[in-house]
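The values are calculated or read from the model by the stated rules, or taken from the named source; none is laboratory data. These figures come from a predicted structure and were not determined experimentally. Glycine gets a Cβ as well: all are built from the backbone with ideal geometry, and neighbour counts include every protein chain shown.
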Amino acid sequence: MNIKPTIVLVHGFWGGAAHWAKVIPILSTEGYRIRAVENPLTSLADDSERTRKMIKQIDGPVVLVGHSYGGAVITEMGDHPNVKSLVYIAAFAPDSGESPGSISQALPPEAFGNIQPDSDGYLWVSQEKFHESFCQDLGAEEALIMAVTQKAPLGGTFGDSISSPAWKKKPSWYQVSTADRMINPENQKMMALRMNPRSTIHLDASHASLASRPNDIAKLIIEASV
């Protein structure tokens, strides 16, 4: 009997585990066990270790799903023995020695200027520009909630580089958001192409495709779980 893998969802910058709220019920209806890690966003090492600890507690195969910076996290720690596959949702998939920051600086996204540090070194997306920057295909109320509850990373996390990318060893899937203003869509296409994924889908969606296109995202995750 084939055992369905546990799906572990990894959030990115400016959000927490609740960003997966619309995807989780769809996966649950399909009979999957689901976990959503809450990362501190203090460094790639901290976030990778937090995610690694979660999957070590799981018996059986795991499908790791990363949104945005969460893609860097699963790239760094996703070569764990029980990881079956990797799914990237409008996500960073850096190569060895690359960081989310270096990729973004080489080809900046449209809303790059709307990210500002505070006096403690945390990076924030301007509340007034969050809707147009992060989730322009969501309603105003949902965007406001995301803006107010955003989880800011420490600025240094943006520059943390990958050691040995897991996508070179694990089967991978990638979703490109063609209207993304937080990670340049051309960067997404580049990262998807070089990892040679089992499947790449392109959605006319914002950076928050996990919230605006949950059915499509869940379908891709299920495909990677079979």
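Is it the case that some residue within segment 161-174 is without any contact (Cβ under 8 Å) to a residue 60 or more places away in the chain and of a type outside the set (Val, Ile, Thr)? The answer is yes, given that some residue of segment 161-174 is without any contact (Cβ under 8 Å) to a residue 60 or more places away in the chain and of a type outside the set (Val, Ile, Thr).
Across segment 135-163, what is the total count of residues that are in contact with a Ser or Thr (Cβ under 6 Å, 6 or more places away or on another chain) and either surrounded by fewer than 20 Cβ atoms within 10 Å (Cβ to Cβ) or farther than 21 Å from ASP216 by Cβ (or both)?
The initial filter retains those residues of segment 135-163 that are in contact with a Ser or Thr (Cβ under 6 Å, 6 or more places away or on another chain), namely 135-138, 154, 157, 159-162.
Add one more test, that the residue is either surrounded by fewer than 20 Cβ atoms within 10 Å (Cβ to Cβ) or farther than 21 Å from ASP216 by Cβ (or both), and what stays is 136-138, 154, 157, 159-162.
Residues meeting the conditions: 9.
Can you tell me which of LEU27, LEU64 is in a helix (DSSP H, G or I) and either more than 24 Å from GLN188 (Cα to Cα) or in contact (Cβ under 8 Å) with a residue 40 or more places away in the chain (or both)? So the residue among LEU27, LEU64 that is in a helix (DSSP H, G or I) and either more than 24 Å from GLN188 (Cα to Cα) or in contact (Cβ under 8 Å) with a residue 40 or more places away in the chain (or both) is LEU27. Does ALA91 qualify as being in contact with a His (Cβ under 8 Å, 6 or more places away or on another chain), part of a strand (DSSP E or B) and on the phi < 0 side of the Ramachandran plot? Spelling it out, it is not the case that ALA91 is in contact with a His (Cβ under 8 Å, 6 or more places away or on another chain), part of a strand (DSSP E or B) and on the phi < 0 side of the Ramachandran plot. The numbered conditions (1) free of Cβ contacts under 8 Å to residues at least 60 places away in the same chain; (2) closer than 21 Å to ASP180 by Cβ; (3) in a helix (DSSP H, G or I) are all true for SER104 except (1). Consider segment 5-31 and keep the residues that are surrounded by fewer than 21 Cβ atoms within 10 Å (Cβ to Cβ) and in contact with a helix residue (DSSP H, G or I) (Cβ under 7 Å, 6 or more places away or on another chain). The one that is farthest from TYR122 (Cα to Cα) is GLU30. Would you check if ALA111 is at pLDDT below 95, among the aliphatic types (A, V, I, L, M) and either farther than 18 Å from LEU9 by Cβ or over 15 Å from the mean Cα position of the chain (by Cα) (or both)? When the stated conditions are applied, ALA111 does not pass them.
With respect to the stated conditions, GLY71 fails to be out of contact with any Leu (no Cβ under 6 Å at 6 or more places or on another chain), surrounded by fewer than 16 Cβ atoms within 10 Å (Cβ to Cβ), in contact (Cβ under 8 Å) with a residue 40 or more places away in the chain and not hydroxyl-bearing (Ser, Thr, Tyr).
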